[in-house]
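To start, the structure itself, in structure tokens.
The values are calculated or read from the model by the stated rules, or taken from the named source; none is laboratory data. What you are looking at is a predicted structure, and each value in this text was computed from that prediction instead of being measured. In this analysis, Cβ positions are derived from the backbone assuming ideal geometry, glycine residues included, and neighbour counts consider all displayed protein chains. These area figures cover heavy atoms from the full protein model, side chains too; ligands, DNA and RNA do not enter into them. Shrake-Rupley method; radii C 1.70, N 1.55, O 1.52, S 1.80 Å.
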Amino acid sequence: MKFTLDWLNDHLETKASLDEISETLSRIGLEVEGIDNPGDKLGAFTVARVVTAEPHPNADKLRVCTVDTGAGLAQVVCGAPNARAGLIGVFAAPGVYVPGSDFTLGAAKIRGVDSAGMLCSERELELSGEHEGIIELPESAAKHIGERFVDVMGLNDPVIEIAITPNRPDALGVRGIARDLAAAGLGKLKKDEAAYSGEGKFKSPVKIKLDFADEHANACPIFAGRVIRGVRNGPSPDWLQQRLKAVGLRPISALVDITNYISLDRCRPLHVYDVAKLSGPITARLARKGEQLKALDGKTYALDEAMCVIADGNGVLGLGGVMGGEASGCTMSTVDVFIEAAYFDPLRTAMTGRRTGIISDARYRFERGIDPASAETGVALATRMIMDICGGEPSRLEVAGEAPDSRRTIKFDPKRVEKLTGLKLKPSDITSYLKKLGFEIEGDAPKLHITAPSWRPDIHGSADLVEEVIRLHGIDHVPATPLPPTLESAKPVVTEPQKRLKALRRALASRGLVEAITWSFIPRADAELFGGGFPETELSNPISREMSSLRPGLIPGLLRAAAVNLNRGASDIALFEVGQAFGGDAPDEQFNAASGVRMGLTRVGGMGRHWDGAAKPAGYLDAKADAIAALAACGFDPDKASVSRDAPSWLHPGRSGSLKLGPKTTLAVFGELHPDVATVFDLSEPIAVFEVFPGVIPTPKKKGSAKPRLEAFDLQPVRRDFAFVLKREVAAGDVLKAALGADKQLIVGAGIFDVFEGGALGAGQKSLGLEVTLQPREKTLTEAEIEAVSAKIVSEVRRATGGEIRS
């Protein structure tokens, strides 16, 4: 938003300097982005008269001018076509910086003739883009020869540019800015007497109406206007042109310039129509299919049924809140003019602007929300200016609809200011700030009822009122208060399940697996192979056929990733993933899993080929070791889990198993991938895989801060071997479990060292070689004590498995 200092002074009575105004604007939230002071830039340029203008002896298009600068005569070579004797223009002496041409002027010799200075065009002074000739000043400037050009022409008016946040449409008008400065104590807001207050001389020959269905009535709730007949359109006055030029607008004609001026002055966009070009009543309605508009920018736009338009009997006249049409625009021959002021829905205006790509000052203001109660005031302001500048007689005002009352009344306790900011202000000071901004206040503190003015759509609650008070009082007065110290330590942010997932990633990565992140969506065929593919886990709008189902586990995605790597030349692959899987669409059917895949020479003890011997490919025992390591990372003792042959159908039936806690809780599954499943993924076996379910692992008990007692033994351990004959289907884990439970004090370890089948054992029998380690604690064990423990071991194995000592 740009405005000049003199323009601001039309509304604000103040003695503040430019620096004070700039500082206050930034302090109250209207940040100053820049100040352009023509007096600083153009102060060296003076008014001068051309005394003589003779043809250049060596150039047909140049003239040698004698210029009266007020301090003497200067010879200037000039190429402007309008350079002539008697012309009053703008002179730059040698040494003056010319901003429009970006150079410092010096004495020169042009085609053999000395030139000591320059007669300037508007573009060279950055007043406009005009460069066809030099500036011609009116004859009234003759008495100011030698004086500063900016002073004589009233151009020494600083231009202030401020940044406006989207919630402050009221500050898109100079009067709104002046109101804020007055409320901040920088002066007094002048009384508004610019509007026409008469009733009009005759009935308006142009009628207006609204034509909306009830559900679209908010597109344009009020439409006001009047006719002024007998106007004389032409160039607008110099003061009006100078203000528009200062803020970057090109003067067009008095009628158009007046509407642009009021838009900037009051944030009240208007539009004027040539009455002679209208047919029938003017109607605000929604566009119809197939309608088009040739707008004032010369472009033709296709309209749709969601756009609000202004139309007459001939068709669309303009896009509501965005831009008017070329066909009904005013020209220098316009005699009767119709002024339009309406309120257009901000959301619909923004939508129309985006679809058409039109960027205009009107759209910029309407889509942010102008004052909905300003339609009639806008017409009255334009009426007064048109009558003063163009003459004419006004008709009576035509109004269709009524302004929407968007004002909010807020219950407010002045103590809210101290509670939110720490500032202690008197209730009278608080209400004084708000009244100066236009708020209506009823009641007594602490029960105030404050109504926001119609031009402040950003006020919604008590916190907004506090913000208004503080920005005017000065945010720099808010005390810096540290947060109160807390005696309690901060509660942990990371939950126990999250800690487990982090521990799983670290543990699996330390075992040589590389983390992968795969899609949660897989082909339905893959999901069905791994126990999924239910209707409730199918996506209604999948990205592709290969991503149509929620994954029932992480293994399918890892296998696809392994296949991709294999096809690109990788032969030894070890991947893992920690993430979510889905057993259904219910919340309790979503679970976390930690899964891994090993292919090729990727065993934990070493990866790849080695000269020392032929390496073995990863197998089900490697997968089991990974699963056990994952359980240990979650704080669970793997010895408490039992190994079961139960395994999903996608695992090899003879090279797989599961780790369980009790008969129902499956902690993990492991093994080699079923050959048929490997074929589906175009992989060659063996492929070792595992999947751990951290959500079902019991949470370990919290340990005390005291460390457990160190147990160090100075006695040699005793090892005894046992060979048991058992049925072939008896699991070795059951034998180990029975042996370890025979004497929990002395027995510290047990392991299988031999398996034998066939021979004299008979069909369905096998022999297991078992080594048991005894650790004496207080004294060396006697032979009798060792035999007693051995008898317990034999007894427990016989009871648990039916095995007998092999003779």
Quiz prompt | region 395-439: trypsin sites (Lys or Arg not before Pro) in DSSP loop, at most 11 other beta carbons within 10 Å | solution = K424
Practice problem: Compute, for T801, the solvent-accessible surface of its heavy atoms (probe 1.4 Å) with the complete set of protein chains present, and express it in square angstrom to the nearest 10. | Solution: 30
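Quickly estimate the mean residue ellipticity at 222 nm for the chain, helices only: each DSSP H run with n ≥ 4 gives -39500 (n - 2.57), and the total goes over all residues, rounded to 500.
The per-residue figure over the chain is -7000 deg cm²/dmol.
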Quiz prompt | Whole-Hz ³J(HN,Hα) from phi, Karplus 6.51 cos²θ - 1.76 cosθ + 1.60, for region 269-275, glycine and proline x | solution = x, 9, 9, 10, 10, 7, 4
Quiz item: Taking Cα atoms, how many degrees apart are the long axis of helix 427-436 and the longest axis of the chain, rounded to 10 and kept between 0 and 90?
Solution: 60
Quiz item: For F713, F344, what's the largest-to-smallest order of accessible area, 1.4 Å probe?
Solution: F713, F344
Quiz prompt | Distance between region 663-702 and region 282-319 - C-alpha centres, whole angstrom | solution = 67
Self-check item: Qualifying trypsin sites (Lys or Arg not before Pro) in region 265-366, DSSP loop, other Cβ atoms within 10 Å at most 11
Solution: K289
Self-check item: region 673-765: projected area of the alpha-carbon convex hull, averaged over directions, in nm²
Solution: 12.4
Quiz item: Per 5 Å bin, what percent of the C-alpha pairs of region 302-359 does each bin hold, from zero upward?
Solution: 4, 16, 28, 24, 15, 8, 4, 0
Quiz item: Quick one: how many Å² of L513 are accessible to a 1.4 Å probe, rounded to 10?
Solution: 10
Exercise. Could you name the lysines whose alpha carbon sits less than 28 Å from that of K701, not counting residues in the same chain fewer than 8 places away?
Key: K491, K499, K502, K624, K640, K660, K664, K737, K744
Quiz item: What list of ³J(HN,Hα) couplings, whole Hz, do you get for region 496-502 from phi and the Karplus terms 6.51, -1.76, 1.60, once you set θ to phi - 60° and write x for glycine and proline?
Solution: 4, x, 5, 4, 5, 4, 5
Quiz item: What size of dipole, in debye to the nearest 20, comes out for the chain about its Cα centre when the only charges are +1 on Lys and Arg C-beta atoms and -1 on Asp and Glu C-beta atoms?
Solution: 1780
Self-check item: Dipole of region 709-807 [Lys/Arg +1, Asp/Glu -1 at C-beta], most positive-end residue of Q716, G762, V789
Solution: G762
Quiz item: Are there GluC sites (Glu not before Pro) in region 427-505 that DSSP puts in a loop and that have at most 15 other Cβ atoms within 10 Å, and which ones?
Solution: E488
Quiz item: Kirkwood Rh, region 28-114, all Cα pairs: how many Å?
Solution: 14.8
Quiz prompt | Under Karplus coefficients 6.51, -1.76 and 1.60, residue-wise ³J(HN,Hα) of region 74-90 in Hz, glycine/proline x | solution = 10, 9, 10, 8, 10, x, 5, x, 9, 5, 7, 5, x, 5, 9, x, 10
Practice problem: Any chance you could give the angle, 0 to 90 degrees and rounded to 10, that helix 174-183 forms with the longest Cα principal axis of the chain? | Solution: 70
Quiz prompt | Under 5 Å, built H, 5+ apart or other chain: amide partners of D157 | solution = G39
Practice problem: May I ask you to give the solvent-accessible area per residue for the chain, in square angstrom, as obtained with a 1.4 angstrom probe? | Solution: 51
Exercise. Rounding to the nearest 20 debye, state how big the charge dipole of region 427-486 is about its Cα centre with +1 on each Lys and Arg Cβ and -1 on each Asp and Glu Cβ.
Key: 40
Quiz item: If you place +1 on the Cβ of every Lys and Arg and -1 on the Cβ of every Asp and Glu, how big does the dipole about the Cα centre of region 173-309 come out, in debye to the nearest 20?
Solution: 480
Exercise. Pick out, from V67, G329, I370, the residue whose Cα sits farthest towards the positive end of the charge dipole of the chain, with +1 on the Cβ of Lys and Arg and -1 on the Cβ of Asp and Glu.
Key: I370
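Using only the heavy atoms of the protein chains and a 1.4 Å probe, how would L501, L661 rank by accessible area, largest first? Working shown, then result.
On the way: L501 30, L661 60 Å².
Reading off the accessible areas and sorting them downward yields L661, L501.
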Quiz item: For region 169-247, what value does the Rg/Rh ratio take when both radii are computed over Cα atoms and Rh is the Kirkwood radius, given to two decimals?
Solution: 1.07
Quiz prompt | Computed accessible area, S121, all protein chains, 1.4 angstrom probe, square angstrom | solution = 0
Quiz prompt | Carbon plus sulfur fraction of accessible area for the chain, probe 1.4 Å, in percent | solution = 51
Self-check item: Amide H partners (placed H, <5 Å) of I282, local residues excluded
Solution: K207, I208, K209
Quiz item: Just how many % of Cα pairs in region 372-514 lie over 27 Å apart, if you round to the nearest whole percent?
Solution: 57
Self-check item: List I110, I475, I222, ordered by accessible area with a 1.4 Å probe, largest first
Solution: I475, I110, I222
Exercise. For the chain, build the charge dipole from Cβ charges (+1 Lys, Arg; -1 Asp, Glu) around the Cα centre, then report which of V772, P394, N260 sits farthest towards its positive end.
Key: V772
Practice problem: Mind listing the long-range amide H neighbours of L62? Cut-off is under 5 Å, sequence gap 5 or more, other chains count too, H placed in the peptide plane at 1.01 Å from N. | Solution: H56
Quiz item: Using Cα-only point scatterers and the Debye equation, what is log10 of I(q)/I(0) for region 648-807 at each q in 0.15 Å⁻¹, rounded to two decimals?
Solution: -1.03
